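K.L.:
Can you keep this structure in mind? I'll have questions shortly.
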Amino acid sequence: MTLLENLSHANQEDRYDSLPQAFYSCEAVREMDRIAIEEHGVDGFELMNKAARFSFHSLVKQWPKSEHLVVLCGSGNNAGDGYIVAALAKKRGWAVQVFYASSPEKLHGDALNAYLMCKEAGVNCHNFDEEKLHSLCKQANTVVLDALLGTGLNTDVKGVYAEIIQAVNKQTSPILAVDIPSGLSANTGQAQGISIRADLTATFIGLKLGLFTGSGRHYAGQIAFSDLGLNANKNIIKAFNHIKPIATRLDLKKLLNYLAPRTRDTHKGQCGHVIIIGGELGFGGAINLAAKATARMGAGLTTVITKSAHRTALMSSIPEAMIFTSQNMQDIEQQLAKADVIVIGPGLGQSVWSEKMLSAALNSEKRLVIDADALNLLSGKFAYALENKDFRTKGHIFTPHPGEAARLINSTTQDVQSDRISAAKTLQKKCSGNILLKGSGSLICSDTSSLSLCPYGNPGMASGGMGDTLSGFIGGLLAQGLPPSCALQLATCLHARAADLLSQQYGERGLLASDLIPIARLLLNQGQIM
């Protein structure tokens with residue numbers, strides 16, 4: 001059985017299917033918690049108990065052979081969740097040890113009641129001891145529960161908390177984080193100095209965006225979510241309506257509905273003409289990948305404008321594409337006039353020829369997909385285009401990785417990654433059009449108030465040519481009449497989901513950009529394979 005047959009018969013359940021589609025800031029989730037307790041009479045300690053019970057249930061489901069639990073508690077309500085989980089495990093007959101970073105005597109309110117419940121259950125609670133932690137984690141079937149720091153952290157982790165996180169990350173026992181891995185920013189997905197590396201995070205009330213983008217996916221591991229029963233109360237749901245999510249999760253199954261089935265009398269002239277510009281000397285592979293990807297997405301016609309050195313390879317690899325290698329700018333302008341969509345950037349380089357190609361594309365007044373070195377040129381010599389009113393109203397698509405994004409907004413890669421949400425919005429304001437900020441938890445911003453996140457993808461995609469393939473996917477779908485934002489969302493999810501399916505089959509290492517093309521085509525035509 002071939003790979004395609006395996007995939008078409010496999011029941012590939014998306015790990016995000018059971019999660020809500022809305023992502024919130026930590027401030028918004030805290031406001032939901034406040035509304036439920038202060039305005040609708042929900043008992044705070046009961047909510048804490050529900051969170052703890054859900055966490056313990058998630059732990060047992062994930063690691064059913066567990067019988068030893070090490071709980072790390074801080075000084076706030078997050079610690080209260082941990083103390084209750086410790087009590088639940090003790091009552092179940094587990095060996096339980098709580099280490100606290102702050103004396104329980106400093107607790108108050110619901111967190112203090114949780115500690116008293118824990119002591120009443122007979123759980124050992126002591127100051128953190130790294131040597132003892134190491135000894136406990138050597139035991140089989142031991143799980144570590146992180147209840148040190150919650151979502152309120154707004155500075156780098158320091159002192160005893162940093163020491164505990166560093167010590168815990170050295171252990172081999174699996175880790176469950178309560179609500180959020182300690183040290184991770186719930187808004188940006190970046191570690192604040194240092195963060196727990198959890199295998200599973202049990203989170204509540206509303207999904208925090210930081211768990212799904214940037215480094216958040218690395219630190220959070222798998223996600224289990226509970227609304228703690230609040231969405232069963234119609235009055236509370238109504239009260240939550242004014243709290244707007246900061247992003248939405250894209251769903252490939254829904255996005256596939258953007259493309260209607262073709263009628264029996266469809267012809268190539270109705271499926272769009274994509275012209276791809278790129279392939280400076282030494283970069284022929286990039287333009288080759290983009291051309292294949294464009295054609296496999298269903299574009300009616302694919303033309304490549306490139307250097308003559310690549311003609312033979314392209315004709316051999318994708319004979320369906322038309323190859324144009326003239327250096328005469330009048331000839332090139334005539335070619336561009338035939339396009340419905342122009343993809344510029346794959347292997348483009350930054351030579352004099354590259355600059356001429358970008359200038360011609362910008363002057364064509366066609367809708368553009370701008371990638372790779374075309375983005376770098378836009379951040380330098382061609383920055384004037386971003387100020388042009390006509391250019392800004394065309395709905396162009398920009399697909400920067402963090403380094404390219406940094407150059408476009410005169411920032412640094414580190415700053416972009418430290419707050420990807422703000423970076424995406426800044427890019428959209430600077431460039432207008434439709435922005436894809438690539439990376440773990442890719443973000444799409446089509447206007448500064450609308451942000452969506454691609455939940456698919458894996459580290460196997462860290463290989464050359466992935467962006468070239470993606471730009472081809474976008475161009476191919478855009479040419480078939482999809483609105484730019486829809487084409488961008490669908491192409492991004494097809495690309496990442498294909499990578500996930502392949503990594504499930506073969507593993508992440510050695511995944512090639514060209515591997516994705518037949519799988520993405522299959523997904524596009526057989527939407528039931530998710």
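K.L.:
Inspect region 195-212 for any residue being modelled with pLDDT under 95 and either hydrophobic (A, V, I, L, M, F, W, C) or under 30 Å from Cys137 (Cα atoms) (or both) and give the result as yes or no.
P.N.:
No, that holds for no residue.
K.L.:
Read through the list (1) open to solvent by 40 Å² or more (accessible area, probe 1.4 Å); (2) closer than 16 Å to Gly475 by Cβ; (3) of a type in the set (A, V, I, L, M, F, W, C), then give the number of the only condition that Ile344 fails.
P.N.:
(1)
K.L.:
Take region 385-413 and flag every residue that is open to solvent by 70 Å² or more (accessible area, probe 1.4 Å) and hydroxyl-bearing (Ser, Thr, Tyr).
P.N.:
Thr393, the sole residue that qualifies.
K.L.:
Determine, yes or no, whether Val85 is touching a Ser or Thr at 6+ places or on another chain (Cβ under 6 Å) and in a helix (DSSP H, G or I).
P.N.:
Spelling it out, Val85 is indeed touching a Ser or Thr at 6+ places or on another chain (Cβ under 6 Å) and in a helix (DSSP H, G or I).
K.L.:
Could you please let me know if Ala462 is within 18 Å of the chain's Cα centre (by Cα), modelled with pLDDT of 95 or more, farther than 18 Å from Gly395 by Cβ and surrounded by fewer than 18 Cβ atoms within 10 Å (Cβ to Cβ)?
P.N.:
Criteria met by Ala462.
K.L.:
While we're on this one: Just need a number here: residues in region 246-276 that are among the basic types (Lys, Arg), in contact (Cβ under 8 Å) with a residue 12 or more places away in the chain and open to solvent by 100 Å² or more (accessible area, probe 1.4 Å).
P.N.:
Selection size over region 246-276: 1.
K.L.:
For Arg217, which of the numbered conditions (1) open to solvent by less than 20 Å² (accessible area, probe 1.4 Å); (2) within 14 Å of the chain's Cα centre (by Cα) fails to hold?
P.N.:
(1)
K.L.:
Out of Ile323, Ile332, Ile370, which single residue is at pLDDT 95 or above, out of contact with any Phe, Trp or Tyr (no Cβ under 9 Å at 6 or more places or on another chain) and closer than 19 Å to Ala291 by Cα?
P.N.:
Numbers: Ile332 fails: out of contact with any Phe, Trp or Tyr (no Cβ under 9 Å at 6 or more places or on another chain); Ile370 fails: out of contact with any Phe, Trp or Tyr (no Cβ under 9 Å at 6 or more places or on another chain).
Exactly one residue qualifies, and that residue is Ile323.
K.L.:
Moving to a separate point now. Among the residues of region 414-433, is there at least one that is under 21 Å from Asn154 (Cβ atoms), in contact (Cβ under 8 Å) with a residue 60 or more places away in the chain and open to solvent by less than 10 Å² (accessible area, probe 1.4 Å)?
P.N.:
The answer is yes, given that some residue of region 414-433 is under 21 Å from Asn154 (Cβ atoms), in contact (Cβ under 8 Å) with a residue 60 or more places away in the chain and open to solvent by less than 10 Å² (accessible area, probe 1.4 Å).
K.L.:
Over 30 Å from Gly349 (Cβ atoms) and under 16 Å from the mean Cα position of the chain (by Cα): is that true of His242 in this structure?
P.N.:
For His242, the condition - over 30 Å from Gly349 (Cβ atoms) and under 16 Å from the mean Cα position of the chain (by Cα) - is not met.
K.L.:
Can you work out which of the residues in region 138-188 that are of a type in the set (D, E, K, R) and open to solvent by 30 Å² or more (accessible area, probe 1.4 Å) is farthest from Leu107 (Cα to Cα)? Don't jump to the end; show me each part of the working.
P.N.:
Initially, region 138-188 is screened for residues of a type in the set (D, E, K, R), giving 138, 146, 156, 158, 163, 170, 179.
Checking the rest, the ones that are also open to solvent by 30 Å² or more (accessible area, probe 1.4 Å) come to 138, 156, 158, 163, 170.
Details: Lys138: 31, Asp156: 22, Lys158: 20, Glu163: 21, Lys170: 28 Å.
Looking at the filtered set, the residue picked out is Lys138.
K.L.:
May I pose another question? Specify the residue that is most open to solvent (accessible area, probe 1.4 Å); the eligible residues are those in region 502-530 that are in a loop (DSSP other than H, G, I, E, B) and modelled with pLDDT of 95 or more.
P.N.:
Residue satisfying both the conditions and the ranking: Arg509.
K.L.:
Look at Cys454 and say whether it is of a type outside the set (A, V, I, L, M), out of contact with any Asp or Glu (no Cβ under 8 Å at 6 or more places or on another chain), open to solvent by less than 20 Å² (accessible area, probe 1.4 Å) and farther than 15 Å from Phe391 by Cα.
P.N.:
So Cys454 passes the test.
K.L.:
Hey, can you tell me all the residues within region 69-93 that are under 20 Å from Pro174 (Cα atoms), open to solvent by less than 40 Å² (accessible area, probe 1.4 Å) and not hydrophobic (A, V, I, L, M, F, W, C)?
P.N.:
Passing the criteria: Gly74, Asn78, Asp81, Gly82, Tyr83.
K.L.:
Take the residues in region 305-358 that are assigned to a strand (DSSP E or B) and in contact with a Lys or Arg (Cβ under 9 Å, 6 or more places away or on another chain); name whichever of them is farthest from Phe398 (Cα to Cα).
P.N.:
It comes out as Ile323.
K.L.:
Kindly evaluate Val96 against the criterion of being outside any helix (DSSP H, G or I), open to solvent by less than 40 Å² (accessible area, probe 1.4 Å) and in contact (Cβ under 8 Å) with a residue 40 or more places away in the chain.
P.N.:
no
The values are calculated or read from the model by the stated rules, or taken from the named source; none is laboratory data. Since we're looking at a predicted model, the values are computed, not measured. Cβ sites come from the backbone with ideal geometry, for glycine too, and all protein chains shown count toward neighbours. Just so you know, the surface numbers come from the protein's heavy atoms only, side chains and all, with ligands and any DNA or RNA stripped out. Shrake-Rupley method; radii C 1.70, N 1.55, O 1.52, S 1.80 Å.
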